[in-house]
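Data first, discussion second: the structure below is written as structure tokens.
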Amino acid sequence: MSSTAALPLAHKKKRSYAWIYFLLPSIAVMLVFFIYPILLTFYYSFTNLALTGEAAKELKFIGFDNYVRMFQDPSVRVSIWNTLIFLIGSAVIGQQVLGFFIALLMKHKNRLFRRVIGTIVLAGWVTPEIVCALCLYSFFGDEGTLNAILGFVGIHDVAWLYTVPMLTVILANIWHGTAFSMLVFQAALDDVPNEIEEAAVVDGASKLQILLRITIPYIKQTITTNMMLVTLQTLGVFGLIYAMTGGGPGTATTTLPIFMYNQAFVNYQLGYGTAISLLLLVLGIVLSLFYIRSMKE
């Protein structure tokens, strides 16, 4: 009896660990394409890895020299400042706020209205980043659409990409990424119970009071989650800025991804470039932890 009773128990134990085999392919992909590159980048940041010069002949471990150089380099501080301006302008203020108000505008509207507005906003999101950059470059160029429109009302041409380059790339990224926030907030607003809003109206609450005291507190978790996602996405924006301004004029739009690319693949200092990439990674982790803590609170 004991041996026959042990057989079902053994089968149950095998089944309890069967899920591990289904996870092995995913774990292997994570190790090869995520964990291993991060570890390799971390190692290279402590070396003199380069593609030209004396350092290209022999790979040497140089300790924290790349990090000391990075924090002493004034160009890094400029890049960090530009990154924060680009992040706040396009992600925090632009995509988050604009996406929320577009979703709020579409709430309780008929299906045709939501379909038309949604299609217009989604056009920027589904457009590849490089195509979006070329479209906005043509719009803000010296002989672009914006100057042509201004010419009709007697305003002289403005070199937008040279006078306000950061503003142009911020607006380009807002147009490219706002649809994601709109979709997230649209789903969240649809979950807000109509009964609560109707009860507030009966009690004499204005639309602004309903928005500030009911709607926003109800979707607070969604707002924080979306903020974290668009922040991480905006931190890694490269092609849009590089295609529109190349990080210029000068260093006016040189964010950390642009500066990292220039050091690693233009100056061929791969060790220094990987150290800068880790700075960008740490910045993303710090901001993510801040958002996660805000969600818990």
Exercise. Among all the aspartates and glutamates, which ones have a C-alpha under 17 Å from residue 109's C-alpha, if same-chain residues fewer than 8 places away are not counted?
Worked result: 190, 191, 197, 198
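Could you work out the Rg to Rh ratio of the range 44-104, with Rh taken as the Kirkwood radius (inverse of the mean 1/r over all Cα pairs)?
In the range 44-104, Rg relative to Rh is 1.31.
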Exercise. Say we join alpha carbon atoms closer than 10 Å with springs in a Gaussian network model of the chain; which of 45, 79, 138 then has the biggest fluctuation?
Worked result: 138
Seminar exercise, completed: In the chain, whole DSSP H helices that both stretch 30 Å or further along their axis by alpha carbon positions and average at least -1.0 on the Kyte-Doolittle scale are 165-190, 270-296
Problem set entry | Between the range 234-291 and the range 47-62, the Cα center-to-center distance that results, in Å | 22
For this session: Scan around residue 47 for amide H atoms under 5 Å from its own, H built in the peptide plane at 1.01 Å from N, and keep only partners 5 or more places away or cross-chain.
Result: 62
Problem set entry | Longest DSSP-loop-exposure-free segment, chymotrypsin sites (Phe, Trp or Tyr not before Pro), the chain, at most 16 other Cβ within 10 Å | 65-237
Exercise. Kirkwood hydrodynamic radius for the chain: how many Å is it when counted over pairs of different Cα atoms?
Worked result: 23.1
Problem set entry | In Hz, Karplus ³J(HN,Hα) per residue of the range 250-256 (6.51, -1.76, 1.60; θ = phi - 60°; x = Gly, Pro) | x, 10, 5, 10, 7, 8, 4
Exercise. Out of 119, 251, 225, any idea which swings most in a Gaussian network model of the chain, alpha carbons joined below 10 Å?
Worked result: 119
For this session: Treat the range 144-260 as a sphere of radius equal to its Kirkwood radius over Cα pairs and apply Stokes-Einstein at 4 °C in a medium of 1.567 mPa s; give the translational diffusion coefficient in µm²/s, rounded to a whole number.
Result: 74
For this session: Could you work out which residue, out of 169, 92, 131, moves most in a Gaussian network model of the chain, that is, has the largest mean-square fluctuation with Cα springs under 10 Å?
Result: 131
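State, as an integer percentage, the relative contact order of the chain based on alpha-carbon contacts under 8 Å between residues 6 or more apart.
Rounded, it is 28 percent for the chain.
Read-outs: derived from the displayed coordinates by stated rules, not from any lab. A quick note: this is a predicted structure, and the numbers were derived from the prediction, not measured. FYI the Cβ positions are ideal-geometry reconstructions off the backbone, even for glycines, and counts take in every protein chain you see.
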